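What follows is a set of notes on a single structure, which appears directly below.
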Amino acid sequence: MKNQNNKRHTYKHLLGKIQAFNKTIEINSSFVGTIILSLISMASLLASAFEKKNIIVSLVVAIASLISTVFCLIYQVYQYHIKNTCFYLADNKEYKKEILDSAKADSMKQKQKTVYVELGGSALLRFPDVDTMLSDPTRNIIIKKGKKYRLPLDVRPFVPAAIKKRLDGGSVVFNEKKVRLSTSLLQSTTEVKLSKTDYYSSLATNEVCLDRIRTTNSVSTKFDGGILLSDDNHSVFSLEQSPCSNHIGVSTLAFSNDGYCILSVQGKKNLSQPNSLIASGSGSINYRDLKHCHCLNELLRKSMERELREELNLPHNSCLKTIVVGYCRILNRGGKPEFFGITNVDMSKKEIEDSHKTNKEIDEELMNRPIFFQFKDLETLFSSFSNIQNEKPVAQLLIYREIAQSEQSQQIISAFLKR
């Protein structure tokens with residue numbers, strides 16, 4: 001079984017690297033155009049050869065086109081290798097502190113009620129008024145679809161290096177299609193613009209905002225990641241202005257029908273915060289989640305419940321009820337938007353445990369492991385998060401305690417859990 005799991009992991013890791021190469025090729029639209037035109041020309045020449053019986057001349061031209069295409073492909077592979085090896089992401093603690101300190105100072109000048117907090121090693125911007133707005137079941141925020149996200153030109157040369165840093169750690173990473181939020185949320189927001197993006201675009205933008213990119217043969221900085229988070233005045237970009245991919249993250253805290261809160265320990269092969277204590281369901285909105293969704297709240301609930309079903313291996317017909325209770329932007333990750341929910345699961349602790357054990361991927365160390373807490377009240381529950389010794393709780397879990405600091409949010413959550 002162990003050898004079989006190792007083979008699966010190797011295959012998935014290799015697939016991730018192929019997708020990384022494909023992402024680099026995708027950026028070079030001129031190369032893609034050359035390949036397509038060459039293939040069309042070859043097909044046309046061969047068709048013409050058989051019609052006019054002038055096979056030899058046409059075959060020579062077709063073969064020449066094929067050789068040219070193959071040469072272009074080899075050249076692109078070579079360029080990909082060069083970019084993979086000549087750039088690297090320099091980890092500089094002083095630079096990170098400088099960027100985050102500027103963001104903290106900027107948050108204090110915002111007209112909108114904004115709260116800067118540091119939790120679990122992450123710096124967050126919270127918006128209490130937006131939390132209240134999202135938890136109102138009568139509010140329907142209409143979804144408008146925008147243009148597909150494109151990487152900024154000055155970031156593109158460093159894409160292979162940014163992706164390589166994540167792949168080299170042995171994590172399994174796929175370039176899934178994601179959903180970008182490009183509208184800043186206010187208490188008065190009535191519609192949001194969502195666009196198609198992908199996970200690797202986030203690795204090349206959101207995840208490098210606190211890094212400096214340098215060449216292997218020089219200490220000079222080729223690119224400052226901080227320009228992806230804030231402008232020349234050190235003000236954090238709004239979601240409308242942000243050059244980052246900003247795919248939407250979602251987390252939900254689940255409760256069983258016999259009084260248990262369910263947390264998860266992140267699989268050690270996960271890219272994001274391996275071996276950490278996280279919410280019951282945690283991930284991001286896939287582009288396919290948008291299907292048949294017309295309102296933001298509807299989309300968030302749907303995505304949270306999908307993540308919960310996937311991570312706990314819950315049956316598709318299991319009864320889940322979710323309420324959205326919070327929102328923030330994670331500054332360490334380029335101001336990436338994150339939403340938080342609470343989910344009632346109409347299953348007992350034992351039923352959830354039994355369902356999770358049937359997951360075929362549990363031995364691959366990719367799936368999360370559930371932990372159960374007897375639920376008494378919110379204050380006791382949130383305090384217990386920090387008392388776990390073996391697994392460190394992440395910001396996306398600790399933020400629930402911050403959300404519940406609001407008396408109104410606490411009342412909404414408590415009332416929902418009593419249903």
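Take region 339-356 and flag every residue that is of a type outside the set (Val, Ile, Thr) and in a helix (DSSP H, G or I). If you could, list the steps in order and put the result at the bottom.
Initially, region 339-356 is screened for residues of a type outside the set (Val, Ile, Thr), giving 339-341, 344, 346-351, 353-356.
Hits for region 339-356 are Lys349, Lys350, Glu351, Glu353, Asp354, Ser355, His356.
Is there a residue being touching a Ser or Thr at 6+ places or on another chain (Cβ under 9 Å), crowded, with 19+ Cβ neighbours inside 10 Å and at pLDDT 95 or above anywhere in region 261-282? No: zero hits. Note on region 282-301: residues that are assigned to a helix (DSSP H, G or I) and either outside the structural domain of Ile323 (by TED's automatic domain parsing) or over 22 Å from Leu253 (Cβ atoms) (or both) total 3. Within region 198-212, identify whether any single residue is over 30 Å from Gly326 (Cβ atoms) and in a strand (DSSP E or B), and answer yes or no. Looking for residues that are over 30 Å from Gly326 (Cβ atoms) and in a strand (DSSP E or B), one finds at least one in region 198-212, hence yes. The residues on offer are Lys104, Lys148, Lys96, and the sole one that is of a type in the set (D, E, K, R) and either modelled with pLDDT under 80 or exposed (fewer than 14 other Cβ atoms within 10 Å of the Cβ) (or both) is Lys148.
The single residue among Asp224, Asp198 that is surrounded by fewer than 20 Cβ atoms within 10 Å (Cβ to Cβ) and of a type in the set (Asp, Glu) turns out to be Asp224. One residue stands out in region 213-232 among those that are part of a loop (DSSP other than H, G, I, E, B) and touching a helix residue (DSSP H, G or I) at 6+ places or on another chain (Cβ under 8 Å): the one that is farthest from Lys350 (Cα to Cα), namely Asn217.
Of the candidates Ala162, Ala105, Ala123, the single residue that is among the small types (Gly, Ala, Ser), under 21 Å from the mean Cα position of the chain (by Cα) and either over 24 Å from Val324 (Cα atoms) or part of a loop (DSSP other than H, G, I, E, B) (or both) is Ala162.
A single member of Glu353, Glu379, Glu391 is modelled with pLDDT under 95 and over 30 Å from Val117 (Cα atoms), and it is Glu353.
The values are calculated or read from the model by the stated rules, or taken from the named source; none is laboratory data. Owing to the predicted nature of the structure, the values given are computational and were not obtained by experimental measurement. Here the Cβ is made from the backbone with ideal geometry for all residues, glycine too, and neighbour counts use every protein chain on show.
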